[in-house]
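Worksheet: one structure, shown below.
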Amino acid sequence: MIPFLRKRVISSAVPLVCVVLGVFFLARMTGDPVDLYLPLSATAEQRAEFSAAQGFDLSVPEQLWNYLVNAAHLDFGTSLRTGQSAGSMVIDAFPVTLQLAGVTMLLAITGAVLVGSLAAYRPNSLIDRVASLLSMTAASIPDFWFAIMGVLVFGVGLGLLPTSGTLGGPEIWVLPVATLLIRPFGVLVQVVRGSMVTALSAPYVKIARSKGATPRRVVFGHALRNAVTPVLTVAGDLTVGLVNGAVIVETIFGWPGIGKLMIDSILQRDFAVLQAAVLLTAVTIFALNILVDVCHALTDPRVRQAVPA
Amino acid sequence: MLLAGAVLMSSGCAVANSAGGDTGRADGRTLRVVLTQEPPTLEPCEASLTGTGVVVRSNITEPLVERDPTSGELNPLLATTWKQTAPRTWTFDIRSGVTFQNGAPFTAKDAAFSIDRAVNSDLACNVEGYVFGNDDLEVEAVNDGRLTVTTEKPDPILPLRLSFVEIVPRTTDTEAKVRVPVGTGPYAVRSWQAGAAISLDRFDGYWGEAPAFARARYVWRSDASVRAAMIDKGEAEIAVALDPMEAEKDTTVAYPNNETTALRLDGREPPLDDIRVRRAIDSAVDRDGIVDALLGGLAEPAGQLVPPGVVGHSDGIEAPRQDVAEARALVREAEADGVPTDRQITLVARNGMFSGVSETAEALQYQMRQIGLNVRVRMADTATHLQYQLRPLPEDVGPVALLIMHGNQAGDAAFTTSQYLLSDGPQSTFGTETLDRRIAEAGALSGHERQQAFAGLLAEQNESVVQYAHLAHMNGLLGLSPSIRYEPDSATGDELRLTEVRPAEGAKH
C-alpha cells in the first residue's frame, strides 16, 4: 500500500504544481489591477506607489518567488478589493463550498445506489426504463436553468422554499443542493446500473440466488460490493467537479463559497485572493484524488498490485 | 461517501444557524434591501463608487451639502449656508448640535479633516479622481462653526463638488482606508457578515428627522431574476437593478438613472479617423429599434452624453434618426477618397453593463455592417473594458468602437466633458483645440451662462468632432414591496436614501 500511495502522491502532485503556477502566470496576463483600484486621475507617482506596495513592480519570476516564500509561511497576502487577509477570506469561504459538495454527494450516492440497483435488478422493466430516462434527463439539465426554475416554482409560485440565502433552517439547503445534485445523481444512476447489471450476471451471484438468498441480500450483500469500484471512481471525479464548479449555485443563491470568491477575484484582478483560493482548492482536489485512489485500492486489490514498488 | 459524511459530521450546520433567512423576517421594523453585489468597502471616500455609495451616502455618512436629484439645487445638510467670499474661496457655516455615531460632536475641524483626507491625502480616494482631478484644496476651520475652502483656480461649482465628500470624525485613520465608517447619518453599522449581509441600526442621536425603520439590512444577489423573486416572495422590500422583463409588474418602478450609453469612436485609427465614417455610424444607428426591442422601452434615444436634469443638457439636441442611405453614401465617399473602410473595427462592450448589452452590441454590429463597414464584437469583463476606456489607451489593437455607459451623478456637464471630450481627457481618444477651449471657458462660468456654454459645446461635439454616436438615456428598474412607499429619483442607483422610505399605510408585516 505504501508504494502505491507514494506513486499516487507523486503523480497527483504534478498537476497540482502546474495549476498553481499556471494560475499565477495567467492572472498576470489579464491586465494591470492599478486601473481598477486607483481613481481615474491617479498620478504616475500614485500608480507607481500602488504597484510597489503590492509588489507588481517586480518581474513575474520575482513575484512568483515572493509568493511561494510567503505561502510557505502561510502568508497569502492582502485582498486588493477588501483589504482583508486573502488567507482568511479563503478559509471563510471554503467550508461553505465543502458543506454544499458534501451534502450533495452523500445524497447523490445514496439515491443513485438505490435507484440504480433497483433498475439493474430488473433490466428493461418499466422501473429500469423510467430510471434511465430520468437519469439521462437529470445529467443533461443545465444548472443555471434548473436553479432559476426552482426559485420561481418552489420559492415564488408555491411559496415552499426561500429564494436564496445561507441563513435559516434546513429549507435553505433544498434548492442549492437539488441544483448541484441533479447532474451527479443522473450520472451515478447510470454508472451504478451498468456496474450492477454486470455484477448481477456474475456466477457467484447466480450461486447465491440458487442457494435461496433474498433479492436484497443478493443486491446489497453480494453484487454491490463488487460493483462499487467504478462507482467510487466516478463519484470521486464528480466530487472534485463539485468543489471546483459550485460557482453557479453559489452565485445564484448567494452562498459565499470558494467558487464565487474565485470568480469575483478574477473579475476584480484580486490576485492574492485568487491565488490563495486556487491553491487551497487544488490541494483539496489533490487530497480528494488520493482518497479516491486509496478507496479504490482498498476495494480492489488488483489496483494496488498494478503499481510497481 | 466517507468524505461527504465526514464533512457533514464535522461542519454541523455552520451555514444554517439563524432563523429568518439572510434578510430577516418581515417584522415591519427592518427595511430589507437586495443589492447586485457586496460592497467591497464602506470607506466614505470611496462613496462615489456605486457599490459603496448606495449603502454609505446619506445613510451612514453625510456631506456638507447635497444636490436635489430632481431640481439640481443644492440643499443644506451638515453646512447650513455657504457663499463665495473671494474669487477662489468659499465659506461654509457648519450646523451645530450634530454628533457622530461614536458620540463625538461634529465641528468645522471634522469637516476640514474629512476634505483634507479625501482630496489632499495619499489615500488615492475615488472621489478625488472623479470629482476634484489633481487639484488640491486649502481647507481651514476658522472656528468650530465656520470653514473656508480655497481652490487653485476660481471654481464656481465647488459646493457641488464638496457634496461628494462624506464627513467623518477626526479620529478616522489617515494612513489607510477604513472598511467600516463612523458618520453623522441616520443609521450606524451594526454588523457586516462577510459574504452574507450588512445590518444597520437607526442612530438615535441623529440630528435630523428619524427614519421610519429601526433597522436596515442589505443582502446581495447577482442574478436579477432572484432579486425580483425576493420582492415577490416578501423576502425584501427593495431590490435594485431589475431586468426590463420585470417592468410590467406592479412591484417595479422605472426611473431615469442619469446613465447614457454611447459608442466612443477612436478618432486616431483609420477608418474611424475620418469624420465621414464617424458620421455614417451615427446615422446608421437605429436608436428607436434598440430602445424598443432590446431595452424594453425603458430608455430614451439620446443625442448627447448628459440626460435632462444635468447642467449643460440641451433640449435642442435631438437624437439622430436612422438614415441608412445617407450613411452608406458617406462610407462610399470616404472609400473613394482612399479611406480603408474595409478595415476591421472592433466593437468592445462590457458584460453586465446593462440588461441586453450583448444583444445591443450585436445590433450595432449589424447596423454598421449594413452601411459597408467591417465590424466584430468583443465582449469584455470590467477590467478589460477599462483598459480600452482609460488612458493610456491600448496600442496596436486597431480601430475600436467602445460601447460606454456614462453616469453623471454630479449633475453638471463639467464632470462629463473633462473626462470624455477633452483632447487628452482620461476617457477620450481625441478632440479638437476649439472644443478644448470651449470646455475650459464653460467651466469658469456659472448660472445660465454655464448652461448655455456647455449646451453649445455638446452641440459642437456632434457637428465637428463626432467622437460619440450616442445611443440612449437609460432608466433603472427598482423592485418595491407593496408594504413600503418610496419614489426613486435619478440618484437612487448611487445613493439610496433610507430615510425616504416609509411604510405603506395599512401594510401588513
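The values are calculated or read from the model by the stated rules, or taken from the named source; none is laboratory data. Model, not experiment: these values are computed from the prediction. Here the Cβ is made from the backbone with ideal geometry for all residues, glycine too, and neighbour counts use every protein chain on show. Surface accessibility is based on the protein's heavy atoms, side chains included, excluding ligands, DNA and RNA. Shrake-Rupley method; radii C 1.70, N 1.55, O 1.52, S 1.80 Å.
Residues that are at the interface with another protein chain (Cβ under 9 Å from one of its Cβ atoms), surrounded by 24 or more Cβ atoms within 10 Å (Cβ to Cβ) and hydroxyl-bearing (Ser, Thr, Tyr) are absent from segment A:167-189 altogether. Checking B:Ser283 against (1) farther than 30 Å from B:Arg450 by Cα; (2) open to solvent by less than 30 Å² (accessible area, probe 1.4 Å), which test does it fail? The failed condition is (1).
Of the residues that make up segment B:154-167, is at least one open to solvent by 10 Å² or more (accessible area, probe 1.4 Å), charged (D, E, K, R) and within 29 Å of A:Ala93 (Cβ to Cβ)? Scanning segment B:154-167 turns up no residue that is open to solvent by 10 Å² or more (accessible area, probe 1.4 Å), charged (D, E, K, R) and within 29 Å of A:Ala93 (Cβ to Cβ).
Residue count for segment B:216-231 satisfying the condition of being more than 7 Å from chain A (Cβ to nearest Cβ), within 17 Å of B:Gly352 (Cα to Cα) and surrounded by fewer than 24 Cβ atoms within 10 Å (Cβ to Cβ): 1.
Residue-wise test of (1) within 15 Å of A:Gly116 (Cα to Cα); (2) under 18 Å from the mean Cα position of the chain (by Cα).
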| site | (1), (2) |
| --- | --- |
| A:Gly169 | no, no |
| A:Arg183 | yes, yes |
| A:Val234 | yes, yes |
| A:Thr239 | no, yes |
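For segment B:117-141, filtering for residues that are modelled with pLDDT of 90 or more and open to solvent by 80 Å² or more (accessible area, probe 1.4 Å) leaves 2.
For segment B:107-116, what are the residues that are farther than 20 Å from B:Pro156 by Cα and open to solvent by 10 Å² or more (accessible area, probe 1.4 Å)? Within segment B:107-116, B:Thr107, B:Lys109, B:Phe113 meet the criteria. Set side by side, the residues B:Gly205, B:Gly185 differ, and just one is among the small types (Gly, Ala, Ser), more than 30 Å from B:Ser355 (Cβ to Cβ), open to solvent by less than 10 Å² (accessible area, probe 1.4 Å) and modelled with pLDDT of 95 or more, which is B:Gly185. Per the conditions (1) in contact with a strand residue (DSSP E or B) (Cβ under 8 Å, 6 or more places away or on another chain); (2) open to solvent by 60 Å² or more (accessible area, probe 1.4 Å); (3) closer than 30 Å to B:Arg221 by Cα, the sole criterion not satisfied by B:Ala194 is (1). Taking helices (runs of 4 or more DSSP H) that fall entirely within segment A:57-144, which contain at least 3 residues that are within 14 Å of another protein chain (Cβ to nearest Cβ)? Answer list for segment A:57-144: A:86-121. Of the residues making up segment A:1-54, just one is open to solvent by less than 30 Å² (accessible area, probe 1.4 Å), in contact (Cβ under 8 Å) with a residue 40 or more places away in the chain and hydroxyl-bearing (Ser, Thr, Tyr), namely A:Ser12. Condition check for B:Val178 on (1) closer than 30 Å to B:Pro244 by Cβ; (2) touching a residue at least 24 places away in the same chain (Cβ under 8 Å); (3) within 14 Å of chain A (Cβ to nearest Cβ): one failure, at (1).
Filtering segment A:11-39 to residues that are closer than 28 Å to B:Pro392 by Cβ and assigned to a helix (DSSP H, G or I) leaves A:Val23, A:Phe24, A:Phe25, A:Leu26, A:Ala27, A:Arg28, A:Met29, A:Val34, A:Asp35, A:Leu36, A:Tyr37. Of the helices (runs of 4 or more DSSP H) lying entirely inside segment A:199-302, those containing at least 2 residues that are open to solvent by less than 30 Å² (accessible area, probe 1.4 Å) and under 23 Å from A:Val17 (Cα atoms) are A:224-245, A:258-267, A:271-299.
Of the helices (runs of 4 or more DSSP H) lying entirely inside segment B:343-422, those containing at least 1 residues that are open to solvent by 50 Å² or more (accessible area, probe 1.4 Å) are B:357-370, B:382-389. Six or more apart or on different chains, Cβ under 9 Å: which pairs go from a residue in segment B:112-127 that's outside any helix (DSSP H, G or I) to one that's of a type in the set (Phe, Trp, Tyr)? Could you list them? Close Cβ pairs (under 9 Å, with a partner that is of a type in the set (Phe, Trp, Tyr)) amount to B:Ala124/A:Tyr37; B:Ala124/A:Phe50.
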